[in-house]
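The structure appears right after this line, and notes come after that.
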Amino acid sequence: MVPSPTTDSNARRERRRERRSRMRLKNVSLAVLSIVAFVLWVHLGSGVTVFRSDVPAEPGWERFRADYKLAYFGDDGQFVRAVQNGYNLVFHTYKYAPRFTRKVAGDQVSACSSCHTAEDLAYAFVNSDRYDRKVGRRVSFEERVQRCYAGPMDGFVPTIYDPAVRDIRLLARAVARHLQLSEGALRGGR
Amino acid sequence: MQPRTRTLVKIGVLVLAAGGFYLLAAHKHAQREEVRQTAVSVTPACVEKLSRYALERGEYYRSPYVVQRTGTVSTRRGYGDEDIRAIQRGCNIMDDTQGRQATDVSRERWNATRFIRGNHAACSHCHQGIGDKQDAKGNRLKGSLSIGASWVMADMYDRFTGLLLPFELRQMQCYINSSNGYKPNIADDVIRDVTAYSRFLSAALDLKIGNHYDEQGIDEIAASDTLKQGDDYVRGEALYKHKCMSCHGRQAFGLEANGRLVAPALAGPNAWNMQSRNYFYYVSTILPGFICRNMPLGQENTLTNQECRDIAYYISNLPRPAGDRQGPIVALKQQFLMTVMPPLLRLTSPDDAEKPAHGTRERVQ
C-alpha cells in the first residue's frame with residue numbers, strides 16, 4: 001500500500017520534532033557543562049584569587065601568625081583572614097595588588113615590606129590622623145597607604161574602601177594589639 | 001535659529017552649567033578649608049572635658065587622668081593646632097549635634113543636621129558624658145557606650161551586619177538608624193572629627209588597641225538574665241509612667257520646654273527607626289542594657305533586668321519611623337501610626353495628658 005502524502009508529511013514532521021528536541025537537549029547540556037567547566041576552571045585552575053573565599057598562605061605567614069598571636073585575636077576567622085590578606089599585601093604587594101602598583105618581582109622595591117616592617121605600620125596606625133606639615137593637613141592611615149601606592153609603589157590610588165587599603169589597616173591594628181599600643185604611642189616608649 | 005547656532009548655544013549652556021558646578025564645588029571646598037583653620041567655639045561641657053584631660057598644643061601629650069589613676073606618667077605624641085581644632089569640633093558634634101549652642105550650625109557642626117531627620121537626636125543622648133561617662137570618682141561605667149573604648153575595639157567583626165565594621169561605618173549607621181537620617185561620606189569632616197575626638201579620649205584614658213573594656217558598648221540583657229517572666233507590655237507601660245514619663249512625655253515623643261530639649265524622643269518622628277539596634281524587635285538585648293546602665297539619669301543601675309526589658313518592650317511597641325530598607329508600605333504604615341495615634345490616645349486618656357516640665361528638669365542636651 002502506498003502511503004498517502006499526508007501520512008508521509010506527518011511522519012517527517014514528527015522526525016523533525018524529535019531531532020529538534022534532541023538538539024535542544026544537547027544544547028542545554030552543552031551550556032550547563034560549559035558553565036560548570038568555567039566555574040571549576042575559575043576556582044581550581046585559573047589562579048585568580050578574587051574568586052576564592054580563602055586567602056593563600058604565603059611563606060612566612062604561619063610564623064607571622066604565631067609571632068603576633070593572631071589566632072587569639074578577634075572572635076572569628078574573618079578578622080584573621082583579613083589580616084592574612086593584609087600580610088600578603090604588605091609582603092607580596094606586586095602579587096596581591098597588581099592593580100595598584102607597576103612594580104614586579106625583580107624590582108628593588110616591590111612590596112610595602114621593602115621599606116616598612118609590620119611594627120612600623122602598627123606605630124603609623126596609632127599615630128595617624130594627625131597634621132602632616134608636608135601635606136599641609138591632617139592625614140589618615142588610609143591616605144598614607146594610598147600615597148604609598150601612588151608614590152613609592154609607582155602605581156594607582158585605590159579607593160578608601162578597597163580591601164587593598166582596609167586589610168593593611170587591619171594588619172596594623174592586629175600588630176598594635178599584640179604590642180599593646182595605645183593612641184599616640186612613641187617608638188621606643190617613654 | 002540656524003541648526004549650527006542652536007548646537008553652539010546648547011554646548012555653551014552645558015559648558016556654563018558644568019563650570020558653574022565646578023565653581024560652586026571649589027567655593028564649598030575653600031569654605032570647608034577656612035572652617036578647618038578657624039578657631040573653634042567650644043561648648044561649655046567640652047571645655048570642661050578637654051581641659052580636664054589637658055588637651056594642649058605640644059610635642060608630647062601626658063594625660064592627667066592616667067597620672068591620677070595609676071600614679072605613672074605615660075608620654076604620647078602631642079597635638080598640633082589643627083589636631084586640637086579637629087578634636088574640639090568632634091567634641092562639639094558629640095555634645096551638641098543639633099547645633100543648638102552654635103551661632104552658625106552649618107559651619108560649626110559640619111551640617112550634621114543634614115544627616116538627621118527630626119530635631120532631637122544627638123550623639124550624647126546614648127553616648128552620655130560626651131562619650132566618656134564617669135561617676136563622681138572618675139570611674140568609667142560599665143555599658144556606658146564609651147567612644148574611646150569603641151575606637152580601640154573598632155574594625156572587628158560585627159554580628160549584626162556580618163562585616164569587619166570600621167569605626168567610620170559604625171558612625172554612618174548611627175546617622176542612618178539611630179538618628180533616622182542619611183549617610184555622610186566616609187571621609188566627611190563630620191565623621192573624621194568625631195574619630196579624632198574618640199582617638200583623643202582613648203589616649204587620655206590610656207586604652208590599648210584591641211582590648212575590651214567594660215565601658216565599651218552595651219551591657220546587654222538577654223531574656224535569660226531575667227526571672228523569665230516574659231517581656232510584658234502592661235508592666236512596661238506602668239513602669240514607663242512611673243520612671244520615664246516625667247522626662248520623656250506621655251507618649252514618649254520627647255519633651256521640649258522654653259525652646260530647649262528636656263529629654264529626647266523615644267518614639268515618634270524624632271526617635272530612632274525600626275532598623276536601629278535600639279529597636280527591641282531587631283535586637284532585644286541592647287535597649288534593656290542601655291536602660292539598666294544609663295537610665296533614669298542620676299538613678300542608674302536601680303532598675304532590675306526584668307524591668308528594663310519590660311520598659312524596652314513597651315517603648316518599642318510605640319510608633320516610630322520605618323528603617324530605610326523596609327520599603328514604602330511599612331514607611332507609610334508607620335507614618336500613619338505616628339500621625340493618627342497620638343491624638344487618638346489623647347482623646348481616650350485625657351487624664352494622662354503630657355505635663356511639660358518647664359524649668360524643673362535638668363537639660364539633657
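With the largest listed first and rounded to whole Å, the semi-axes of the equivalent ellipsoid of the protein assembly as shown from the Cα gyration tensor are 47, 38, 29. Based on alpha carbons, the Rg and Dmax found for the range B:249-297 are 11.9, 35 Å.
In the protein assembly as shown, taking the dipole from charged Cβ atoms about the Cα centre, the farthest positive-side position among A:Ala11, B:Gly298, B:Gly20 is held by A:Ala11. Going from the fewest other Cβ atoms within 10 Å to the most, the residues A:Cys148, B:Cys46 appear in the order A:Cys148, B:Cys46.
Over the Cα atoms of the range B:37-204, compute the convex hull volume and normalise it per residue, giving Å³. Don't skip to the end; give the middle numbers.
Numbers: hull volume 20.2 nm³, N = 168.
So the per-residue hull volume is 120 Å³.
In the range A:5-49, one over the average inverse separation of all distinct C-alpha pairs is 13.1 Å, which is the Kirkwood hydrodynamic radius. Remark: the range B:185-252 projects, on average over all directions, an area of 8.6 nm² (convex hull of Cα atoms). So what is log10(I(q)/I(0)) for chain B at q = 0.07 1/Å, when the Debye sum runs over its Cα atoms only? Calculated log10 I(q)/I(0) at the listed q: -0.36.
Counted by neighbouring Cβ atoms within 10 Å, the residues B:Trp151, A:Trp61 run from fewest to most as A:Trp61, B:Trp151.
Per residue, how much space in cubic angstrom lies within the convex hull of the C-alpha atoms of chain A? Don't skip to the answer; put the middle values down first.
Details: hull volume 41.1 nm³, N = 190.
Here the figure is 216 Å³ per residue.
If we count other beta carbons within 10 Å of each Cβ, what is the order of B:Lys133, A:Lys26, fewest first? The partial results should precede the final answer.
Working: B:Lys133 20, A:Lys26 10.
If I rank by nearby Cβ atoms, fewest first, I get A:Lys26, B:Lys133.
Cross-link pairs exceeding 32 Å between alpha carbons, from the set A:Lys134/B:Lys10; A:Lys134/B:Lys137; A:Lys69/B:Lys137; A:Lys103/A:Lys134; A:Lys69/B:Lys49; B:Lys241/B:Lys333: A:Lys134/B:Lys10; A:Lys134/B:Lys137; A:Lys69/B:Lys137; A:Lys69/B:Lys49. How charged is the neighbourhood of B:Ser144? Take every other residue with its Cβ under 13 Å from the Cβ of B:Ser144, and add Lys/Arg as +1 and Asp/Glu as -1. Net local charge, B:Ser144 excluded: -2. With Cα atoms as the point set, the range B:223-352 shows a radius of gyration and Dmax of 14.7, 43 Å. The calculated pair-distance distribution of the range B:1-122 uses every alpha carbon pair, bins of 10 angstrom beginning at 0, and gives 11, 27, 24, 16, 10, 7, 4, 1, 0 percent.
Do the sum for chain B: with -39,500 (n - 2.57) for every DSSP H run of n ≥ 4, divided by all residues, what is the mean residue ellipticity at 222 nm, to the nearest 500 deg cm²/dmol? Don't jump to the answer; show the numbers that get you there.
On the way: 15 runs with 165 residues, N = 365.
Using -39500 (n - 2.57) per qualifying helix, the result is -13500 deg cm²/dmol.
Calculate the dipole size of the protein assembly as shown relative to its Cα centre from +1 charges on Lys and Arg beta carbons and -1 charges on Asp and Glu beta carbons; express the result in debye to the nearest 20. Don't jump to the answer; show the numbers that get you there.
Numbers: 78 positive and 58 negative charges, 454 e Å.
Dipole magnitude for the protein assembly as shown comes out near 2180 debye.
Applying a 4.7 Å Cβ-Cβ cutoff to chain B, the cysteines left without a disulfide-compatible partner are B:Cys123, B:Cys126, B:Cys174, B:Cys244, B:Cys247. When the charge dipole of chain B is built from unit charges on Cβ atoms (+1 for Lys and Arg, -1 for Asp and Glu) and taken about the Cα centre, the candidate among B:Leu266, B:Ile218, B:Ser178 whose Cα reaches farthest toward its positive end is B:Ser178.
Projecting the Cα atoms of A:Ala122, A:Gly136, A:Leu70 onto the charge dipole of the range A:55-178 (Cβ charges, centred on the Cα centre) puts A:Gly136 farthest toward the positive pole.
If R0 is 45 Å, the Cβ-Cβ spacing of A:Asp120 and B:Asp214 corresponds to a FRET efficiency of close to 0.90.
Quick note: the coordinates plus some simple rules give every number you see, no bench work behind them. If you're wondering where the values come from, they're calculated on a predicted model, not measured in any experiment. Note that we place each Cβ from the backbone using ideal geometry, even for glycine, and neighbour counts take in every protein chain shown.
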